[in-house]
1. Using only Cα atoms, locate the centre of the stretch 21-67 and the centre of the stretch 122-154, then give the distance between them in Å, rounded to an integer.
2. Hull surface divided by four, with the convex hull built on the Cα atoms of the chain: how many nm²?
3. Placing +1 at every Lys and Arg Cβ and -1 at every Asp and Glu Cβ, with all other atoms neutral, what dipole size does the stretch 5-185 have around its Cα centre, in debye to the nearest 20?
4. Over the chain, what is the mean sequence separation of C-alpha contacts under 8 Å (at least six apart), divided by residue count, expressed as relative contact order in percent?
5. Just want the ordering: TYR88, TYR48, from fewest to most Cβ atoms lying within 10 Å of their own Cβ.
6. Return one number: the angle in degrees, 0 to 90 and rounded to the nearest 10, between the long axis of the Cα atoms of helix 54-75 and the longest principal axis of the Cα atoms of the chain.
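Bear in mind these aren't lab numbers, they're just calculated from the coordinates by the rules spelled out. This is a predicted model, so every value here is computed, not measured. So basically every Cβ, Gly included, is an ideal-geometry build from the backbone, and we count neighbours across all protein chains shown.
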Amino acid sequence: MKVSRAQAEQNRERIVEAAAQLFRDKGFDGVGLNELMQSVGLTRGGFYGHFESKQDLAVKACREAFSANAQRWELEPQADMEALVRFYLSDAHRDNRAQGCTLAALSGDVARQGPELRTVIDDGVANFLRALEARSGGTATQRRETALATLATLVGALILSRAVADTDLSLAIRDAAARAVLARAG
């Protein structure tokens, strides 16, 4: 059955959106093409009509995920550093990898991927740093330094809080990170 160009584009967008969530939730190697295509009601056979490879899709899905993350901060430019930190280190964000920060969900996987995907990560880091710099005080150099340290602290704390089984330790990691970031930003 032939699909219209408009329907094919809609299908492609649905695949990219689903992949952005599935990859963040399960990692690149944790998602098979069958599972991905079934999640959007399509067959595996149609995959290669939309993408050259799974790597090609990973690049597009990461761009989509970073775009969604960036829109969250652009829509809330009035949110100060404390609001950003509280959201980022919240139970809801920790527990919802599929909708959460691309960096925290995929950085370990991306380090083993090709240069095109790593360039997408570079862009995502740059955008997150801009959002953090906009919420920091001081000179341009001080804002940059604060943003870099904040990014590393937030992402690291979220990754560790997801990795530990002890819920008290998970909370302690996030609370300590929040205190350190807010003391630095203060």
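1. Each part reduced to its Cα centre gives a spacing of 30 Å.
2. Numbers: hull surface 46.6 nm².
So the mean shadow area of the Cα hull is 11.7 nm².
3. With Lys and Arg at +1 and Asp and Glu at -1, about 120 debye.
4. On the way: 169 pairs, mean separation 41.3, N = 186.
The normalised contact order for the chain reaches 22 percent.
5. On the way: TYR88 23, TYR48 11.
Going from sparsest to densest Cβ surroundings: TYR48, TYR88.
6. 40 degrees
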